[in-house]
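The values are calculated or read from the model by the stated rules, or taken from the named source; none is laboratory data. As the structure is a computational prediction, the values presented were derived from the model and not from experiment. Glycine gets a Cβ as well: all are built from the backbone with ideal geometry, and neighbour counts include every protein chain shown. Note: areas computed on protein heavy atoms with side chains; ligands, DNA, RNA excluded. Shrake-Rupley method; radii C 1.70, N 1.55, O 1.52, S 1.80 Å.
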Amino acid sequence: MIRAREDGQLDSDLITVSLAQIKSRREKGTPMTNDESPRRGSGQMEFTTPTETPVTFDKEGHQTRPDLDPGAPVVDVKIDPSWKRELVEEFAAPYMQNLRAFLKKEIESGKKIYPKPNEWFAAFDHTPFEKVKVVILGQDPYHGPGQAHGLCCSVRPGVQPPPSLINIYKELKSDLGIAPADHGYLISWADQGVFLLNSVLTVREGQAASHQKKGWETFTDKAIQLLAEKRENLVFVLWGAYAQKKGAFIDRKKHLVLESVHPSPLSASRGFFGTRPFSKINHYLEKHGQKPIDWQLPPKKSYMH
């Protein structure tokens, strides 16, 4: 199995969670107990079929189930337990097995992949399913060294904010009077309920869109569908044609959907500037009894050690 340690390197071990157990609990309306529920970052996740037959892997990453595609790896699913419960069937799906096999091949062939493996699901880890208030939908991770860390639009502290994020900061200042941050690390937004989701969660270094159409889109489609169907009064922010197509099915009567051109320098002046999305988001949240987002980011020095 391929597993990401806390330092982002790869390790071998077994990940387990019971799909059948969770499905049974759902049908009975009984919540998972603390002992049964997958823990955040615990590495204890086993993919099983509804017949309770475990899908396991040896230290070389080969499945011990002969009826499944041999050689597909498992990646440590470091996400909040609420998302694990919602998406456990997706992790067991055939397309996910194919995606794991693709990622394993990329890594074993020496390709540099961003972000680090233990950050592939960072958006899900920082913003629990029931805590999501706002969804900002991106396309794929930044493909430059040190940039991507699993949240769309965001870069690590100390990394120059990309042009699109600079334009987002400009609109934030115009909208709410908040001066641009001295960094591009949006973790405080995620921790307040802003689900910063890319459609594709990995990318090859220096090659934009290199991991598109490998399975990630199906996975993130399901995440958006679950939010749109199971939650109410969320705000979906769809910047650009790609995001708008992906979110076209969202019920506008049940949620607020904000659409505009992308904040990229190529399009921002044609319909992004002046849209005031941040004040609109907070007005909608307050209208529906929710705490607004504090869009003011902490200073860079608070993240530098």
Query - Filtered residue count, the stretch 147-184, keeping only those that are touching a Lys or Arg at 6+ places or on another chain (Cβ under 6 Å) and either in a strand (DSSP E or B) or under 26 Å from Asp80 (Cβ atoms) (or both) - result: 3
**Report entry** Number of the condition not met by Tyr169 [criteria: (1) within 22 Å of Ile250 (Cβ to Cβ); (2) open to solvent by less than 40 Å² (accessible area, probe 1.4 Å)]
**Finding:** (1)
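Per-residue answers, yes or no, for (1) touching a Phe, Trp or Tyr at 6+ places or on another chain (Cβ under 7 Å); (2) in contact (Cβ under 8 Å) with a residue 12 or more places away in the chain; (3) acidic (Asp, Glu); (4) more than 19 Å from Ile79 (Cβ to Cβ):
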position: Pro115; (1), (2), (3), (4): no, yes, no, no
position: Phe121; (1), (2), (3), (4): no, yes, no, no
position: Thr127; (1), (2), (3), (4): yes, yes, no, no
position: Gln160; (1), (2), (3), (4): no, yes, no, yes
position: Pro163; (1), (2), (3), (4): no, yes, no, yes
position: Ile168; (1), (2), (3), (4): no, yes, no, yes
Query raised in the report: In the stretch 153-163, which residues are within 14 Å of Pro265 (Cβ to Cβ) and open to solvent by 30 Å² or more (accessible area, probe 1.4 Å)?
Result: Pro163
Query - Hits in the stretch 110-131 - residues which are among the hydroxyl-bearing types (Ser, Thr, Tyr) and closer than 20 Å to Glu232 by Cα - result: Thr127
Requested in this report: Quick one: in the stretch 271-299, of everything that is open to solvent by 50 Å² or more (accessible area, probe 1.4 Å) and farther than 18 Å from Lys173 by Cα, which residue is nearest to the chain's Cα centre (by Cα)?
Outcome: Lys291
Requested in this report: Please determine, by comparing only the residues of the stretch 219-247 that are open to solvent by 70 Å² or more (accessible area, probe 1.4 Å) and of a type outside the set (D, E, K, R), which one is nearest to Asp140 (Cα to Cα).
Outcome: Tyr242
Query raised in the report: Any chance the stretch 105-118 includes a residue that's surrounded by fewer than 21 Cβ atoms within 10 Å (Cβ to Cβ), in a loop (DSSP other than H, G, I, E, B) and modelled with pLDDT under 95?
Result: yes
